[in-house]
1. Please sort 26-35, 7-16, 275-284 by packing, taking for each peptide the average over its residues of neighbouring beta carbons within 10 angstrom, highest first.
2. Give me the 1.4 Å probe accessible area per residue for the chain, excluding ligands and nucleic acids, in Å².
3. Taking every pair of Cα atoms in segment 21-83, average 1/r, invert it to obtain the Kirkwood radius, and report Rg/Rh to two decimals.
4. Measure nothing but the geometry: give the 0 to 90° angle between the long axis through the Cα atoms of 131-142 and the longest principal axis through the Cα atoms of the chain, rounded to 10°.
5. Lysines near residue 474 by alpha-carbon distance under 17 Å, same-chain residues fewer than 8 away left out - which ones?
6. Please report, in whole Å³, the volume per residue of the convex hull around the C-alpha atoms of the chain.
7. Tell me, how many Å apart are the Cα centres for segment 187-246 and for segment 25-49?
8. With Kirkwood's inverse mean 1/r over C-alpha pairs for Rh, give me the Rg to Rh ratio of segment 1-112, two decimals please.
Amino acid sequence: MTHTITQLITMPEGKTLKFKRDLSSPKNMLKTLVAFANTAGGRLIIGVEDESREVLGVENPLDEEERLCNLIADSIEPRLVPNVEMVSFEDKTLLSVEVYPSGSRPHWLKKEGPEEGVYVRLGSTNRKADRELIAELKRGVEGKSFDEQALPDRTVDDLDFDAATVCFERYRKLVKNDLESLRIVARHQGHLVPTIGGMLLFGKDREMVFPDAWIQCGRFIGKDRADIFDHIDIHEHLPVAVERVMEFLKKHAMRGADFSELRRRDVWSIPLTILREAVVNAVVHADYSQRGAPVRIAFFNDRIEIENPGILLPGLTIEDMLQGVSKIRNHVIARVFRELDLIEQWGSGVRRMFSESEALGLPQPEIIEVGMRVRLIVYLTEAIVIETTDSVTGEVELRPKLRPELRPESRLESQLAAKVLLLLMKNDVGKAKLASGLGHKTVSGELKKQIKNLLELDYIEMTIPEKPRSSKQKYRLTAKGKDFLAKNTEGGEE
């Protein structure tokens, strides 16, 4: 959409718009032009005070236009050729610099070089791109996606074909030849090897290769992150992980019943359809090349935030997304999710979420770029307030009862670890029974992690330590674990 100069002056600065008083300090201006070219394009207006929006105009506009063009030509690589023109506003002359998304990205500042001088536009700010983001910019120009790349140091045996078969069984019988057509595997020097997407979806030891490809869920007390009530780290295969997220959200929602029809219909206090769409969108569009950046879901009293690593792909803006424009970051993951009916139609997800929010009478969702992440906020019609009592759904909550003087030396890493200890109070239990007792359908990666942590802390021990992988293996509390429970649960020592 083309705006007149009068309209532009009234608009807030953002991803594709920047105002500058003059050319007295050109470095920031050049960063902005580089960021526009590397991201979604944009327009820089010179001669307007950015805060007050006072129109000052440009003195000697012909000379300033020539100086500006020389600065751009001498300072930016590869060569950037924006549309520079003089525009009149009332009795003043302004310089307008329009930059289009570049097919030669990444661009950088010559003085800083191709590794330190690359910038992208995030909201109304410029951000220096790191190595992973620079690689992402290059892949976009080449038409390649991160998850299509082969992993030559891995073999097909590193993929869990049985898990993939289970995921597909509702739709069709999966055979090994399908793996190549789905790009879960690719040929490398005459051999089939997993692709990055294949490992992310169904890798047996995915976290050895991509340690940050997991999902972090938290239920917070109130409207900020000051106090967490419950959390879970989800490490399952990505299609299964979506269901685990929905189970976590349901766990902390309220369910009612609608008897207006012949059959009872469950009515949830959170918009499950919208949230599922948002979770799928986050998993499919996450930038898994980023380190230390899992997908995060945060449940507050008044809203739920779904956040994935990775800025919007070059050429894409939030306004484009609301119009149904879509660009796929991970082609392999998206294709498999499409086959599993987790994605209905390309580019329709965001518009569908907004349309359904309107139909349900919910406040309009919000999409924002926060740092190097994209966050979707789903607001609730009514706040869901946590009653901070000593129990939740009849279960003793160990973590809130830890005595302050024992922290942080003896604080458990997660509430899940606390629940494992509680389940072992009466009987020796194996992993499968522990999972069942926790309400899980399978033994999750997070449960395995917490069992390992508890073993290392000497709070639990194996019943058959000489055969750690035995199918009959169970776990029991140690004296240290029993002592910990005695001191830190209701009725324990003071």
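The values are calculated or read from the model by the stated rules, or taken from the named source; none is laboratory data. Keep in mind that this is a model prediction, so the values were computed, not measured. Backbone-built Cβ (ideal geometry, glycine too); neighbour counts: all protein chains shown. Side chains are part of the model used for accessible areas, which takes the heavy atoms of the whole protein and leaves out ligands, DNA and RNA. Shrake-Rupley method; radii C 1.70, N 1.55, O 1.52, S 1.80 Å.
1. Top to bottom by mean Cβ count within 10 Å: 275-284, 26-35, 7-16.
2. Using a 1.4 Å probe on heavy atoms only, each residue of the chain averages 51 Å².
3. 0.96
4. 70 degrees
5. 419, 426, 431, 433, 448, 449, 452, 482
6. Residue-normalised Cα hull volume stands at 205 Å³.
7. About 37 Å separates the Cα centre of segment 187-246 from the one of segment 25-49.
8. 0.94
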